1. Could you please give the count of residues in the stretch 185-227 that are assigned to a loop (DSSP other than H, G, I, E, B) and touching a Lys or Arg at 6+ places or on another chain (Cβ under 9 Å)?
2. Only residues that are in a helix (DSSP H, G or I) and polar (S, T, N, Q): list them for the stretch 404-458, please.
3. Take the conditions assigned to a loop (DSSP other than H, G, I, E, B), out of contact with any Asp or Glu (no Cβ under 9 Å at 6 or more places or on another chain) and in contact (Cβ under 8 Å) with a residue 60 or more places away in the chain and apply them to A300. Does it pass?
4. Of all residues in the stretch 253-289, which are more than 17 Å from the chain's Cα centre (by Cα), in a loop (DSSP other than H, G, I, E, B) and either of a type in the set (F, W, Y) or surrounded by 20 or more Cβ atoms within 10 Å (Cβ to Cβ) (or both)?
5. Looking only at the stretch 206-239, filter to residues that are touching a residue at least 60 places away in the same chain (Cβ under 8 Å) and open to solvent by less than 10 Å² (accessible area, probe 1.4 Å); which one of those is farthest from E304 (Cα to Cα)?
6. Of everything in the stretch 305-346, what is farther than 30 Å from E421 by Cα, open to solvent by 30 Å² or more (accessible area, probe 1.4 Å) and touching a strand residue (DSSP E or B) at 6+ places or on another chain (Cβ under 8 Å)? Give them in sequence order.
7. Can you say whether T368 is more than 17 Å from T290 (Cα to Cα), out of contact with any Lys or Arg (no Cβ under 8 Å at 6 or more places or on another chain) and at pLDDT 95 or above, as far as the supplied structure shows?
8. Could you count how many residues in the stretch 379-398 are under 14 Å from S253 (Cα atoms) and either buried (at least 21 other Cβ atoms within 10 Å of the Cβ) or of a type in the set (G, A, S) (or both)?
Amino acid sequence: MKKIAGRALATLVLAGVLVLGTVGFFIQYLVQGGDWAVFPGSPHVYSGGNLSSGVITDRAGVVLLDSTDGRDYAEDPAVRRAMLHILGDREGFIAAPLFSRYADALVGYDFLSGAYSISGKVSQGRLTLSSRVQTAALEALAGRPGAVGVYNYRTGELLCAASSPTYDPDAVPDIAGDTTGAYQGVYVNRFFNATFVPGSIFKLVTAAAALENIPDLEQRTFQCDGACQVEGDTITCNGVHGSISFQTALAKSCNVVFGQLAVELGPEALTAYAEKLGVTARFSVDGYETAAGHFDLSEAENSEVAWAGIGQYTDLINPCGYLRLMGVIAGGGKAAEPYLMERIDGKKLTASYRVTERQTEQLLEPATCARLAELMRNNVVSVYGVWNFPDLYVCAKSGTAEIGGGVTPHATFAGFIQDPEYPLAFIVVVENAGAGSDVCAGIAGRVLSECVSVLDSE
């Protein structure tokens, strides 16, 4: 009897383990079934390392990529080049995290029927990007390496996320054998994955910190004689500005004034503002992990603090991250988080995905943002030229980013349109191109005009 009882107990234990295992597997299937069905390399949904399911269009419905049978890109070669760093290439040299992020929706997976669908429908994803704007940005860059970004700081829609250099995935050049340098760094998505010395566009961070921490800032008068001494080191300026106000110092991009303000604020305050405004942050935009910026004054001398407040020293920004900061200023201290995928209409009866818009926290005081917007508008009116932005109320700051070694500086330009009908923030970076306003203002104006035309047509 004891043997029978022992065997019965063992049987019950094994049966319990089996039940628990079955329940555990079923729970895992419900939670992780989509990941199992679309894991990278699955022959059912991947071909040659690329997802073989779904159609991707731009915001106007222009087909950018049909992956239902191989990878068929847009008909227009200019669109193919402009969208390459978003959609990736056939060989996998340029990644397209968008497809990994939304693989289950594009494949059309659900836990009842898996990836199979009797409807014959093809999943279709619609991006927030405009192929017209992307193409205009690439044409404006004219083959020069750099990045252009535009997004709606109210909704988060990215209308432009262009990276150059690029190439046509249907006519791949001999990149390995190129000796002209035209394709140097072509596999890098400069908008999401690169960092750049910001130059004077970083003075907006210093200005925000100064406005919130120096009570008499705008009642003071500063003196610029073309250079100043900070503990024995020389801070050079781009001109001799004489006696100037804070507003004029920003418009003239005076290194002397902003170097002195950086030292007055101190490394702790500057670091705190760089961090809370997202300069050093890394974040995800529908699978695209942005590169983290850099701002480190932990071992900096006062002269180095001065240069950091000017946008030099070891400062680095990511274009997408700094674009979001422009949205924060335009939005009164907070802005929508940027995103790329507007929606996916799946194989099933209902849409597989629709965007949920997200906002940043309140990062700056509304009064600070309002004053920064006034100062940036003054920059455009008094220095950059309103003719670069016909009929648009643009607020901006330019930068000329020294990178050392006798190399031509990077040109940078960032800002926003202050208009409820066109709530667009922008950034332009052109490598080794010189003065920011000279090079980038025209690019920004052209791309913003295209954005406005696209929005008016919707």
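The values are calculated or read from the model by the stated rules, or taken from the named source; none is laboratory data. All values reported here derive from a predicted model rather than from experimental measurement. Reconstructed Cβ throughout: ideal geometry from the backbone, glycine too, with neighbour counts over all protein chains shown. Please note that ligands, DNA and RNA were not included when accessible areas were found on the heavy atoms of the full protein model with its side chains. Shrake-Rupley method; radii C 1.70, N 1.55, O 1.52, S 1.80 Å.
1. Qualifying residue count, the stretch 185-227: 1.
2. Listed by number, the residues that qualify are S437, S449, S453, S457.
3. Criteria not met by A300.
4. Result: S253, C254.
5. Of everything passing the filter in the stretch 206-239, A208 is farthest from E304 (Cα to Cα).
6. Scanning the stretch 305-346 gives W307, T314, L316.
7. Here the answer is yes, as T368 does meet what is asked.
8. So the answer is 7.
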